[in-house]
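Below you'll find the structure, written out as structure tokens, and then a few comments.
Bear in mind that the values in this text are calculations on the coordinates, not laboratory data. Note that this is a predicted model, so its numbers are computed, not measured. In this analysis, Cβ positions are derived from the backbone assuming ideal geometry, glycine residues included, and neighbour counts consider all displayed protein chains.
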Amino acid sequence: MNKNELRKLYLQKRTSISEKEKLIGEDLMLLQFQQLNFSDIQYVLSYWPLATSNEPNTHLFTGYLKHLYPNIQIAYPVTHPTNYTMQGILTNEHTQFVPNQWGIYEPTEGDLLIPERIDMVFVPLITFDTAGYRVGYGKGFYDRFLTDCRKNVVTIGLSYFEPVTKISDIQSFDVPLNYCITPQNRYEF
């Protein structure tokens, strides 16, 4: 299936998950994530989960990382819709967030985190395949951003569902994930 077909199918599947299934799935994903061993994580780019799309709660994962690495710095993207780019903005407990044009919460202020300093990126996805490629929301923000990050940046996706075999229309600019976490498995690519 191609990205558009998969996007439609998996958005429908994800929004049909009950609140109980969502919470159980997130707890199981967090347990899978805790089995990964990362060292020297200082800067993480996360994203605010989009409630209308039933995205996994990324705050569970950044909270766990803050527990492991008390000095870790968490950034969130601020998008620039005119050219489909984004920047990582460092946040703290006082940061205020406001929804952008798509309803995604972004920080209102903070210091810019240059992509080369980022150690880990949580990458939003709708579904992924067995090669680590993902179907996102179709604007390419993350693929563009990840090309500016270090070659060894750790990219992680979160999905309630197991991978599809293959996304039929992968392009040369698509950036695969390093890991994808589901309730039942940890995939490394």
Counting other C-beta atoms within 10 Å, which of Ile41, Ile74 has the fewest, and how do the rest follow?
Ile41, Ile74
Which of Tyr84, Val121, Pro163 sits farthest toward the positive end of the charge dipole of the chain, with +1 on the Cβ of Lys and Arg and -1 on the Cβ of Asp and Glu?
Pro163
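Sort Glu55, Glu116, Glu162 so that the residue with the fewest other Cβ atoms within 10 Å of its own Cβ comes first and the one with the most comes last. Each step should come with its number before you reach the end.
On the way: Glu55 20, Glu116 10, Glu162 14.
Lowest to highest Cβ neighbour count: Glu116, Glu162, Glu55.
List nothing, just return the count: lysine pairs in the range 1-111, 8 or more apart or interchain, with Cα separation under 23 Å. Numbers along the way, then the final one.
On the way: Lys3/Lys13; Lys8/Lys20; Lys8/Lys22; Lys13/Lys22; Lys22/Lys66.
Lysine pairs, 8 or more places apart or on different chains, close enough: 5.
Rg to Rh for the range 129-168: what is it, with Cα atoms only and Rh by Kirkwood?
In the range 129-168, Rg relative to Rh is 0.97.
What size of dipole, in debye to the nearest 20, comes out for the chain about its Cα centre when the only charges are +1 on Lys and Arg C-beta atoms and -1 on Asp and Glu C-beta atoms? Before the final figure, lay out each step's value.
On the way: 16 positive and 20 negative charges, 84 e Å.
In total the dipole reaches around 400 debye.
Among 89-95, 173-179, how do they line up by average Cβ neighbours within 10 Å per residue, starting with the highest?
On the way: 89-95: 13.4, 173-179: 17.7.
Output ranking for 89-95, 173-179: 173-179, 89-95.
Using alpha carbon coordinates only, what is the Rg to Rh ratio of the chain, with Rh defined as the Kirkwood radius?
Values: Rg = 15.6 Å, Rh = 16.8 Å.
Radius of gyration relative to Kirkwood radius: 0.93.
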